[in-house]
Amino acid sequence: MIKSENNRFVLSTKNTTYAFRRLESGQLEHMYYGKRIDIISDGMAGNHEFPDGNSIMYAKEFPKLSMEGTRFEYSSYGKGDIREPFIELEFVDGGRTCDFIYYSHETRGKSALNTLPSSYDENGKTESLIITLKDRNHEVYLDLIYSVFEDTDVIVRSATLRNKSEDEIKLNRLMSLLIDFEDPDYMVHTFRGGWAREMEHKKTLVSGAKVVNESMTGSSSSRANPFIMVSRPETSEDYGESYGFNLIYSGNHYEAIEDTSYNLMRVVTGINPTGFNFGLKPGESFEAPEAVISYSDAGFNGLSQNFHGFIREHVVRGTWKKRPRPSLINSWEAAYFKFNESSLVKLAKKAADAGIELFVLDDGWFGKRNEDTCSLGDWIVNKDKLPNGLEGLIRKIKDLGMDFGIWVEPEMVNVDSDLYRSHPEYAIEIPGQEHSEGRSQRILDLTNPEVCDYVIDAMSEIFKHDGVSYVKWDMNRIFSDVYSKHLSIDRQGEVFHRYIMGFYHIMEVLTERFPNILFEGCASGGNRFDLGILCYFPQIWASDDTDALYRVEAMTSYSYGYPMSVVSAHVSNVPNHQTLRVTPLDTRYNVASFGPFGYELNLSDLDSDSFDAVKEQVAIYKKWRDVYFFGNFYRGRSYGNVHEWTVVSPDKDKAVGLIMQALAKANYPNLTFHARGLCPDKKYHFYNIPHKVDIRTFGDLINTASPIHIKNDSTMQRILAKFYKMNGEKEDMTLTGGELMYGGVGLKQAFGGTGFNDNVRLFNDFSSRLYYMEETED
């Protein structure tokens with residue numbers, strides 16, 4: 001709901017209120033963002049009587065207004081505000097002072113951006129407020145756009161700059177959002193890292209500092225995800241105030257949270273201004289990406305529910321928006337580049353026997369691609385590996401009752417490729433200079449429409465094969481030596497952004513042309529995990545690190561801003577290929593099952609017990625898939641040694657809970673599982689799936705119970721382990737939702753070295769359990 005009266009603008013969602021007012025001088029002063037309230041006065045606004053000390057008086061006719069000490073909705077340099085600016089321009093005379101003041105406003109339905117992906121509302125209920133500002137000294141207009149998604153407690157902001165002057169102007173910065181808070185007593189939560197260690201949760205106090213979260217990789221990056229949170233220091237998962245910010249954008253981004261000299265706090269988010277310079281000729285305009293913001297006073301879980309609901313309903317779209325995803329087997333860690341049709345079909349047969357629904361052919365199927373130094377750009381089937389082409393392989397996969405998917409990396413080119421030899425001008429590189437490569441490849445220049453058309457045509461030839469139902473779209477390097485031979489010298493500051501616009505154009509065309517294909521985004525794992533990608537691809541590969549201990553931490557971090565239904569996760573082999581860590585097969589499944597799920601290992605190499613376990617996992621996953629996909633995800637304890645999750649069906653009739661520990665500690669017998677999100681008054685059948693314990697787990701401790709001596713790791717031990725298994729603990733009881741959430745379930749005693757039977761929980765290093773909850777009348 002949007003109200004505008006008495007120069008006040010009040011935007012209300014189901015549980016929040018966002019308010020600002022128009023000053024007499026024409027600026028927009030921020031008043032409030034938080035819990036929903038009625039606003040009937042300007043009492044929450046600042047009081048301005050005299051400029052302070054050496055601060056700047058805005059104008060003679062407004063002697064009380066000091067720009068540096070006022071909370072704004074936008075601002076810039078030149079008129080006294082020296083904090084992080086919203087916009088920076090350079091006019092034809094070299095002047096850089098901007099002075100945008102109120103010109104007009106209107107309220108209308110939510111509309112899409114023209115040059116970038118944006119949020120949407122299928123029901124047409126979302127209102128947008130457009131405030132038009134005009135520079136006092138130039139015919140340049142700035143539209144501030146606020147869209148109110150009442151159902152998910154989200155407000156989306158954006159900005160459009162329009163040049164109606166007779167001269168070209170240079171845009172050096174245009175943020176998507178600026179908010180000034182009343183004090184800096186906040187904690188900033190960023191999610192940083194690198195390849196194979198995405199989404200490390202970092203916490204920084206704002207007081208006395210400026211915290212910057214940014215990417216200069218050319219993508220949203222694994223170094224600094226664009227999602228951030230700002231909370232009171234005491235905020236917990238379930239209590240306290242928190243704000244979340246994200247961008248619907250896949251390129252270089254910039255978030256700054258600044259403690260200012262007047263004990264205020266400024267937050268800005270948008271396109272990274274470093275390396276950015278965009279020329280606007282008369283009549284041209286520029287759109288900033290949409291920024292997504294939300295507030296909750298119910299802790300981080302409350303904030304996450306807002307973002308999860310918004311992304312599922314107003315970002316993800318198309319055929320797969322509300323369609324649960326198939327279980328899959330991916331060939332990469334099973335074979336890497338070493339495969340042929342026979343070995344792939346063998347892997348697919350094993351997967352089909354396990355009940356897996358989708359076979360994905362990863363890298364190595366095209367050109368002369370036997371390693372990663374050649375053939376990117378040459379999207380022709382390698383007939384030495386696949387003598388019957390893709391058609392022959394797809395036919396054999398389909399005959400097994402499975403769907404077929406394929407890996408591509410369309411934005412890249414190897415120097416050792418026919419494409420580069422024919423069209424070196426297609427690559428981003430500085431003419432006449434040695435290029436710094438990543439993964440032995442270069443980036444295609446998507447600022448060039450001819451290159452975009454090539455990518456669209458080449459990919460269409462692949463995707464149109466009858467039977468292609470899934471595409472993994474990869475991007476395995478960051479930008480270097482950024483230069484477009486397509487753009488003029490004075491336009492090189494536009495390369496980063498124009499590349500992203502070209503990329504979006506390609507995705508728009510291909511997803512419309514092939515609406516039934518399930519696309520998965522990937523960029524060396526999570527190097528481009530953002531809301532811009534999710535506007536086209538309904539799921540994203542979270543990380544190339546499939547280690548279960550890392551994944552439980554990374555998926556916890558992702559869950560603060562993204563629903564698990566978009567976070568792809570696989571079970572891989574051990575020792576893990578990224579960490580060499582050995583984790584139990586059930587733990588690898590337990591963690592991965594919460595996202596779009598699959599396997600990435602050679603099923604043919606598994607022993608019979610492990611393969612039987614995979615078959616059981618796939619069957620259980622299919623039974624509970626709708627709860628995982630449509631359910632609401634909650635974090636419990638996710639600190640130190642223990643991680644705890646719950647996903648609850650929308651009707652709160654069913655739930656799955658995870659508890660996992662990192663390292664076992666001697667004599668820690670007690671552990672309690674606390675569910676989240678259940679109906680307190682409903683009764684639930686709480687249970688785990690019965691499991692067996694391999695006697696080899698106990699090593700030579702088994703001799704304390706065996707009538708004969710059994711040497712550890714001996715042939716006899718292996719034979720006995722094959723035919724004799726011990727029963728694991730069983731949890732089976734009926735409790736109310738209130739008991740499960742507030743009291744918790746006291747789990748069976750953990751093994752402590754003093755005895756074992758089927759009432760003892762064997763919970764060693766990296767152990768985990770899944771617990772199932774179903775409403776019951778008993």
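The values are calculated or read from the model by the stated rules, or taken from the named source; none is laboratory data. If you're wondering where the values come from, they're calculated on a predicted model, not measured in any experiment. Positions of Cβ are generated from backbone atoms using ideal geometry, with glycine treated the same way; all protein chains shown enter the neighbour counts. These area figures cover heavy atoms from the full protein model, side chains too; ligands, DNA and RNA do not enter into them. Shrake-Rupley method; radii C 1.70, N 1.55, O 1.52, S 1.80 Å.
When each pair of different Cα atoms in the stretch 244-331 is counted once in the 1/r mean, what is the Kirkwood radius in angstroms, to one decimal? Answer for the stretch 244-331: a Kirkwood hydrodynamic radius of 16.9 Å. Averaged over its residues, the chain has an accessible area of 38 Å² per residue, based on protein heavy atoms and a 1.4 Å probe.
Taking every Cα-Cα distance in the stretch 171-318 and sorting them into 10 Å bins from zero, the calculated P(r) comes out as 11, 37, 37, 12, 2, 0 percent. Once backbone amide H atoms are built at 1.01 Å from N, Leu361 has Gly405, Ile406, Trp407 as its partners under 5 Å, excluding neighbours fewer than 5 places away on the same chain. Per-peptide packing, taken as the mean over residues of other Cβ atoms within 10 Å, places 121-131, 570-580 in the sequence 570-580, 121-131 from highest down. Of Lys125/Lys682; Lys665/Lys692; Lys349/Lys383, which ones are farther than 26 Å apart at the Cα? Pairs exceeding the cut-off: Lys125/Lys682. Orientation-averaged projection of the stretch 44-190 equals 11.7 nm² [convex hull of Cα atoms, one quarter of hull surface area]. Quick one: check the C-alpha center-to-center distance for the stretch 219-292 versus the stretch 91-110, whole angstrom. The stretch 219-292 and the stretch 91-110 have Cα centres separated by 20 Å. Along the axis of the charge dipole computed for the chain (Cβ charges of +1 for Lys and Arg, -1 for Asp and Glu, origin at the Cα centre), the listed residues Pro184, His685, Leu344 are led at the positive end by His685.
Magnitude of the charge dipole for the stretch 1-112, about its Cα centre and with charges confined to Cβ atoms of Lys, Arg (+1) and Asp, Glu (-1), is about 640 debye. Once backbone amide H atoms are built at 1.01 Å from N, Thr16 has Arg36 as its partners under 5 Å, excluding neighbours fewer than 5 places away on the same chain. Here the stretch 678-778 is treated as a Stokes sphere of Kirkwood radius computed over C-alpha pairs; at 25 °C and 0.890 mPa s its diffusion coefficient rounds to 156 µm²/s.
The HN-Hα couplings worked out from phi for the stretch 641-649 by the Karplus form 6.51 cos²θ - 1.76 cosθ + 1.60 (θ = phi - 60°) are 9, 10, 10, 9, 10, 9, 10, 10, 4 Hz, whole numbers, x standing for Gly and Pro. Using only Cα coordinates, the Kirkwood hydrodynamic radius of the stretch 359-427 works out to 12.9 Å. Only alpha carbons enter this Debye calculation for the stretch 138-199, each as an equal point scatterer, and the log10 of I(q)/I(0) it gives at q = 0.14, 0.15, 0.28 Å⁻¹ is -0.76, -0.83, -1.15. Compute the signed sum of charges (Lys and Arg +1, Asp and Glu -1) over the other residues within less than 10 Å, Cβ to Cβ, of Arg676. Once positives and negatives cancel, what remains is -2.
Of the cross-linked pairs Lys14/Lys623; Lys615/Lys722; Lys472/Lys622, those separated by over 26 Å at the C-alpha level are Lys14/Lys623.
A Cα-only calculation for the stretch 234-287 places Rg and Dmax at 16.5, 51 Å.
In the chain, helical runs assigned H by DSSP with n ≥ 4 each contribute -39500 (n - 2.57); averaged across all residues and rounded to the nearest 500, the mean residue ellipticity at 222 nm is -5500 deg cm²/dmol. Computed in the context of the full set of protein chains, the accessible area of the stretch 488-583 at 1.4 Å probe radius has 53% of its extent on carbon or sulfur. Each Lys and Arg Cβ is given +1 and each Asp and Glu Cβ -1; about its Cα centre, the stretch 45-176 then shows a dipole of about 140 debye. Carbon-plus-sulfur fraction of the accessible area of the stretch 368-479, 1.4 Å probe, in percent? Taking all protein chains in place, the stretch 368-479 shows 44 percent carbon and sulfur surface. Carbon-plus-sulfur accessible fraction, the stretch 648-756 (probe radius 1.4 Å, protein heavy atoms only): 55%.
Which of Tyr420, Ile169, Ala335 sits closest to the plus end of the dipole of the chain, meaning its Cα is farthest towards the positive end, when Lys and Arg get +1 and Asp and Glu get -1 on the C-beta? Of the options given, the answer is Ala335. Distance from the alpha carbon centroid of the stretch 334-375 to that of the stretch 118-134 works out to 46 angstrom. Over the chain, the reciprocal of the mean inverse Cα-Cα separation, the Kirkwood hydrodynamic radius, stands at 28.2 Å. Rounded to the nearest 20, the Cβ-based charge dipole of the chain about its Cα centre (Lys and Arg +1, Asp and Glu -1) stands at 1740 debye. If the chain linking Ile37 and Asp607 were pulled fully straight, counting 0.36 nm for each residue of separation and taking away their Cα-Cα distance, it would gain 199.0 nm. Each DSSP beta bridge with both residues in the chain is either parallel or antiparallel, and the antiparallel ones are about 80%. Dividing the radius of gyration of the alpha carbons in the stretch 698-754 by their Kirkwood radius gives 1.21 for Rg/Rh. Across the stretch 557-705, the fraction of Cα-Cα pairs farther apart than 25 Å, rounded to a whole number, is 37%. Binning the alpha carbon pair distances of the stretch 1-99 at 10 angstrom intervals from zero yields the distribution 14, 40, 31, 13, 2, expressed in whole percent. State the answer as a single residue: which of Leu386, Thr204, Leu663 lies farthest towards the positive end of the charge dipole of the chain, with beta carbon charges of +1 for Lys and Arg and -1 for Asp and Glu, about the Cα centre. Among Leu386, Thr204, Leu663, the one farthest towards the positive end of the dipole of the chain is Leu663. Ranked by the mean number of other Cβ atoms within 10 Å of their residues, highest first, the peptides 356-368, 108-120, 590-602 fall in the order 590-602, 356-368, 108-120. Of the peptides 528-541, 721-734, 300-313, the order by per-residue mean of other Cβ atoms within 10 Å, starting with the highest, comes out as 528-541, 300-313, 721-734.
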